[in-house]
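Q: Before I ask anything, let me first share the structure, which is written out below as structure tokens.
Read-outs throughout are calculated quantities, based only on the coordinates presented, and are distinct from any laboratory measurement. Note that the structure is a prediction, hence the values are computed from the model and not measured. When we count neighbours, we look across all protein chains shown, and the Cβ atoms used for this are built from the backbone with ideal geometry, even at glycine.
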Amino acid sequence: MKALLRKPLVHFLMLGGLLFAADAWLQWRDSYRISAPTQADVDQRLAEWVKQTRLPVDAATRQQAYEAQLTDTILFQEALRQQLHLRDPLVIQRLLRDADFLGIPGTDSEKLERAYQLRLYEGDEVIRRQLIKRVEEIGRHQFGAAGEPSETELKQVYRQHSPRWQREQQITLEHIFFSADQGEVRARAHRAKADLQSGNTISGDPFLQGFKFMVETPAELDRRMGHGFANAVLKAHQITSSNEDSAEQWLGPIPSAFGQHLVRVHEVQSAYQQSYESVREEVKELWRQERERAALSAYIEKLKARYQVVSL
């Protein structure tokens, strides 16, 4: 055995094995090394955020943008480390399209090979988002082994999100419209109301949104007609609803952002809390979503602990 170990060929093989192992270790280490987000990366992310929210940027918002950019960088690198870019159908289709755009010749296989050599996937934002999404899916679905929730867990979720199961007051009505553009709008509405009470038929002015609104919440009505319209209708209805002879009579004129309206309320459904039994499937879906978010958050924290962030 000692004589064998003294032979140059054995020394060569041992040295080659050590070099191979060292190279493999260096590649593994580098696969967990990423560059810190640049100022330009963070600024671009903030610009998109400001465009969507129209809110000012403060120090806390900038830090959140940095953390979000860092998380995306880690998830993208993890996708490459797991070689998801080599087998994702959308990524492959996108790389072929990029290759065609760049005029890379050859068969699809040859184009793909060249696209991977050029690392085109690193500069394609669609590919980047797809790979980040794939890793997020891996993280979210790690909770799956936990099984089905118990009734106690579901009822706890139901209680924690009690406002979610609250159903707002809803109104069903029809109206006759008198446009402010026609002049003497309120006087015309009053004359029309008198005609209706005399049994005559009145058509009013055209109204693009229609003349019947079915089971709308006060907020929805206000979005249609202008702030305060729903409250005015409900107040007028409350005054007349106690008199059976006045049921479903024409109310108003009631002002809106467009003019005046005569309104006939057909039904007002009171606000109520949906029972646990009636929304159990929705509660279960919410439980699942919360578990997935928690699983993804834990997965990301685990990845952050593995990766070394290098400042350029």
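Q: Mean separation of Cα pairs under 8 Å and 6+ residues apart, divided by the residue count of the stretch 169-270: what relative contact order is that in percent? Mind dumping the intermediate values first?
A: Values: 155 pairs, mean separation 45.5, N = 102.
Computed value for the stretch 169-270: 45 percent relative contact order.
Q: Let me ask something else about it. Rounded to the nearest 20 Debye, what is the dipole magnitude of the stretch 169-270 about its Cα centre when Lys and Arg each give +1 and Asp and Glu each give -1 at the C-beta? Mind dumping the intermediate values first?
A: On the way: 9 positive and 12 negative charges, 46 e Å.
With only Lys, Arg, Asp and Glu charged at Cβ, the dipole is about 220 debye.
Q: Nearest 20 debye, what's the magnitude of the dipole of the chain about its Cα centre given +1 on Lys and Arg Cβ and -1 on Asp and Glu Cβ? Before the final figure, lay out each step's value.
A: On the way: 42 positive and 43 negative charges, 295 e Å.
Magnitude of the dipole: close to 1420 debye.
Q: If you don't mind, another one. Between Glu292, Glu110, Glu153, where does the largest GNM mean-square fluctuation fall for the chain, given springs only between Cα atoms within less than 10 Å?
A: Greatest mean-square fluctuation among the candidates belongs to Glu110.
Q: Moving on. Summing -39500 (n - 2.57) over the DSSP H runs of n ≥ 4 in the chain and dividing by its residue number, what mean residue ellipticity at 222 nm do you reach, to the nearest 500 deg cm²/dmol?
A: Values: 12 runs with 177 residues, N = 312.
Value at 222 nm, helices only: -18500 deg cm²/dmol.
Q: Given a cut-off of under 8 Å on Cα pairs at least six residues apart, what relative contact order in percent is computed for the chain?
A: On the way: 306 pairs, mean separation 74.1, N = 312.
Once normalised by length, the contact order is 24 percent.
Q: Dipole of the stretch 32-159, Cα-centred, from +1 at each Lys and Arg C-beta and -1 at each Asp and Glu C-beta, to the nearest 20 debye?
A: Details: 19 positive and 21 negative charges, 26 e Å.
For the stretch 32-159, the charge dipole is close to 120 debye.
Q: Continuing with this model, one more query. With springs only between Cα atoms under 10 Å, which of Gly199, Gly259, Gly106 fluctuates most in a Gaussian network model of the chain?
A: Gly199
Q: May I pose another question? Could you sort out which of Lys51/Lys302; Lys133/Lys302; Lys155/Lys304; Lys235/Lys284; Lys284/Lys304; Lys51/Lys133 sit more than 28 Å apart by Cα distance in this structure? Present the calculation step by step, with values, prior to reporting the outcome.
A: Values: Lys51/Lys302 32 Å; Lys133/Lys302 17 Å; Lys155/Lys304 34 Å; Lys235/Lys284 39 Å; Lys284/Lys304 30 Å; Lys51/Lys133 23 Å.
Those over the limit are Lys51/Lys302; Lys155/Lys304; Lys235/Lys284; Lys284/Lys304.
Q: Go ahead and set up a Gaussian network model of the chain, Cα springs under 10 Å, then flag whichever of Gln182, Gln64, Gln82 fluctuates most.
A: Maximum among the listed residues: Gln182.
Q: Please pull out the direction-averaged projected area of the stretch 169-270, using the convex hull of its alpha-carbon atoms, in nm² to one decimal place. Could the numbers behind the result be given before it?
A: Values: hull surface 24.3 nm².
Convex hull of Cα atoms, orientation-averaged projection: 6.1 nm².
Q: OK, next. Can you quote the Å³ per residue value for the convex hull of the Cα atoms in the stretch 24-147, rounded to an integer? Intermediate results must be reported in sequence, preceding the final value.
A: Details: hull volume 21.2 nm³, N = 124.
Cα-based convex hull of the stretch 24-147, divided per residue, equals 171 Å³.
Q: Continuing with the same structure: Based on a Kirkwood Rh over C-alpha pairs, give the Stokes-Einstein translational diffusion coefficient of the chain at 25 °C and viscosity 0.890 mPa s in µm²/s. Let's see the in-between values first.
A: Working: Rh = 26.9 Å.
Rounded to a whole number, D works out at 91 µm²/s.
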